[in-house]
Amino acid sequence: MKQYMLSVYHADRGPALAPEVMAASIRDVDALNAEMMTAGAWVFAGGLHNDSTASVVRVKDGTVVTTDGPYAEAKERIGGFWIINADDLDAALTWARKATVACLAPIEVRPFMDAPDA
Amino acid sequence: MRRVSDSEIERVFREEFGRAVAVLVRSFGDIDIAEEAVQEAFTVAVQRWPETGLPPSPAGWIITTARRRAIDRLRGDAARADRHAKAALMQAEGHPIDNRPVRDERLSLIFTCCHPALATEVQVALTLRLLGGLSTVEIARAFIVPEATMAQRIVRAKHKIRDAGIPYRVPASTELAGRLSAVLAVVYLIFNEGYVASSGERLGRSDLCAEAIRLGRILSELMPDEPEVLGLLALMLLIHSRQRSRTTAGGDLVLLDDQDRSTWDRSLIAEGQEIVRACLRRNQPGPYQIQAAISAVHSEAERASDTDWGQILQLYDQLLAVNPTPVVALNRVVALAQMRGATVALEAVDRLDFGEYYLFHAVRADLLSRVGRNEDARAAYDTAAALTSNAVERTFLMRARDALPG
């Protein structure tokens, strides 16, 4: 069994979704989470606050400094993610297809380096 | 004892490389290990076979030798606590290969190589490398890419397959249609790259055509009940049958109408037509089968003037219905011009619009010249010539422009 991270990418300044579209999307994501749990695929999932809430910590000239703001000024940023168990990429992609439909945003699928049971 | 020539070993290599790699990927669960082991087994064969003669089953010999060598090496690596080597070794021990005929795993391998999570150019390179046994150098040359770039492309792809867990299996029937069309697209892309090099001075690289046909034959053998697989093979055979007449000795392009039909390869035509007839009997048409049928109609005409354009136009109508692309619409216009004249065809072509496609302007230029609009034709030939990166095609278009009256 491998683990994959499904990252949800949101565009920076897209038009805001209509409230009823947003509500339907939240319902769909809840339903998907339930489906993943039933199937034993769900490991963890969560949504993130906007990247204006981000702080960055790094080592600079030997000392650790903290700065305001996201690390990269990107047009798209991660708005949330799932960590799932899946037999192979096809299984992970099947979940990702459901995820992109549910949360109305592109999903990036990446494998974790170490399978937990290897 | 019979001597074994280099060309005989080369033939075994061509025929058996992909089969051996596919079996060993199943056995070790790792493409790199499989590929390296098979390569090594052939190196041993080149040294040994000229003395010992060809073994009774060359494929079996290669697979057994490759497997033994890989296990020896993995044992060494596993002893050095290489986790990856241990996993491959464990998998291999769970999949013993005995002396019975081994299962053909090439279909799993081709579906892995053509997985949609890999970019198209990566799918093409992997298929040629692993199924076709072409070297990285050969593939790089064929696609006019620096060798280092191609090597990196292949290495990255193999790592993605391993690390992302791209499965090694024939897709389930629910996904098969979509996944198969990606496989067929890769094979046809290889063929077309050989047919008209997308850039460069020489028009064709028929080695790639031959390789695509070989892949088409393997697919037809492994999936005899998929009509589009057969359709693609027939299409490639029929196009390839005209290879000798497509260019002059000097390398200039010759249009279908002007080709010397006596040089067409009769045996390829017969084989292609036979498959087309079998597809018609099966009556599950698809884009490749219809294109093959169109090509078969051309093949039947002894002279260009004997061509049954009515039947071709009908087939294009059918093709347009299942595959409504601008390119198909453009080809239909060519048939329409034959049936109903240049004026009608020109009206049809002007209803299409795809500005950057050189063939659109080339066809339009030809129709314009036929209705006597020579100035417009000249401009259209110029646009077409500016849009193609193939030197032979450009020369052809400039000649056609210069031959316009006035």
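Note the direction-averaged projected area, equal to a quarter of the hull surface, for the Cα convex hull of chain B, in nm². Mind showing how you got there, number by number?
Working: hull surface 92.4 nm².
In nm², the orientation-averaged hull projection of chain B is 23.1.
Mind checking the dipole of the protein assembly as shown: about its Cα centre, +1 per Lys or Arg Cβ, -1 per Asp or Glu Cβ, Debye to the nearest 20?
On the way: 60 positive and 69 negative charges, 163 e Å.
It works out to roughly 780 debye.
Give the lysines reachable from residue A:2 as a straight Cα distance under 30 Å; neighbours fewer than 8 places away on the same chain don't count.
A:98, B:86, B:158, B:160
Shape verdict for segment B:270-326, please, from the Cα gyration tensor: rounded (a/c under 1.5), prolate (a/b greater than b/c) or oblate.
Details: a/c = 2.31, a/b = 1.17, b/c = 1.97.
Oblate, because a/c is 1.5 or more while a/b does not exceed b/c.
Using Cα centres only, tell me the gap between segment B:315-387 and segment A:1-31 in whole Å.
If we compute the Cα centre of each part, the gap is 45 Å.
For chain B, what does the helix formula give at 222 nm: sum of -39500 (n - 2.57) over DSSP H segments with n ≥ 4, over the residue count, nearest 500 deg cm²/dmol?
-22500 deg cm²/dmol
Given springs between every Cα pair under 10 Å in a Gaussian network model of chain B, which of B:157, B:34, B:119 has the largest fluctuation?
Most flexible of the set in this elastic network: B:119.
Taking chain B as a Gaussian network, Cα atoms linked when under 10 Å apart, which of B:93, B:35, B:226 shows the biggest mean-square fluctuation?
B:93
Please rank B:26, B:217, B:73, fewest neighbouring Cβ atoms within 10 Å first, as an exposure proxy. Walk me through the intermediate numbers first.
Numbers: B:26 20, B:217 13, B:73 17.
Lowest to highest Cβ neighbour count: B:217, B:73, B:26.
Projected area of segment B:143-290, taken from the Cα convex hull and averaged over every viewing direction, in nm²? Provide the component values of the computation, followed by the final result.
Working: hull surface 43.7 nm².
Taking the Cα atoms of segment B:143-290, their convex hull projects to 10.9 nm² on average.
Quick check: from the Cα gyration tensor, does segment B:25-141 come out rounded (a/c under 1.5), prolate or oblate? Write out the running numbers ahead of the final one.
Details: a/c = 1.59, a/b = 1.14, b/c = 1.40.
It is oblate, given that a/c is not under 1.5 and a/b is not larger than b/c.
Using 1/(1 + (r/R0)^6) with R0 = 25 angstrom and r between the beta carbons of residue B:51 and residue B:72, what's the FRET efficiency to the nearest 0.05? Provide the component values of the computation, followed by the final result.
On the way: r = 22 Å, r/R0 = 0.90.
Result of the calculation: an efficiency of 0.65.
Can you work out the FRET efficiency for the pair residue B:347 and residue B:300, with r the C-beta to C-beta distance and R0 = 35 Å, to the nearest 0.05? All intermediate terms of the calculation are to be shown ahead of the outcome.
Numbers: r = 29 Å, r/R0 = 0.84.
Efficiency for this residue pair is about 0.75.
Taking the Cβ-Cβ separation of residue B:14 and residue B:91 as r and a Förster radius of 30 Å, what is the calculated FRET efficiency to the nearest 0.05?
Efficiency for this residue pair is about 0.60.
Within 10 Å of each candidate Cβ there may be at most 14 other Cβ atoms; applying that plus a DSSP loop requirement, which GluC sites (Glu not before Pro) in segment B:352-406 survive?
Of the GluC sites (Glu not before Pro), the ones in loops of segment B:352-406 whose Cβ has at most 14 other Cβ atoms within 10 Å are B:356.
State log₁₀ I(q)/I(0) for the protein assembly as shown at q = 0.05, 0.12, 0.13 Å⁻¹ as given by the Debye formula over alpha-carbon point scatterers of equal weight, solvent excluded.
Debye curve over Cα of the protein assembly as shown, log10 I(q)/I(0) at q = 0.05, 0.12, 0.13 Å⁻¹: -0.28, -1.24, -1.32.
Expressed as a whole number of Å, what is the distance separating the alpha-carbon centroids of segment B:206-271 and segment B:112-157?
23 Å
Among B:127, B:52, B:247, which one shows the highest mean-square fluctuation when chain B is modelled as a Gaussian network with alpha-carbon springs under 10 Å?
Greatest mean-square fluctuation among the candidates belongs to B:52.
Figure the gain on full extension for residue A:65 and residue A:26 (residue separation times 0.36 nm, minus the Cα-Cα span) and round it to one decimal in nm.
On the way: separation 39, 0.36 × 39 = 14.04 nm, distance 3.69 nm.
Extending this stretch completely gives an extra 10.4 nm.
If you filter segment A:25-90 for trypsin sites (Lys or Arg not before Pro), then keep DSSP loop positions with at most 14 other Cβ within 10 Å, what is left? Walk me through the numbers before you get to the answer.
Values: sites: A:27, A:58, A:60, A:75, A:77; in loops: A:75.
Those satisfying the criteria are A:75.
With viscosity set to 1.567 mPa s at 4 °C, what whole-number translational diffusion coefficient in µm²/s follows for chain A from Stokes-Einstein and a Kirkwood radius over Cα pairs?
82 µm²/s
Quick note: the coordinates plus some simple rules give every number you see, no bench work behind them. Just so we're clear, the structure is a prediction, and the values are computed from it rather than from any experiment. Every residue, glycine as well, gets a Cβ built from its backbone with ideal geometry; the counts of neighbours run over all protein chains shown.
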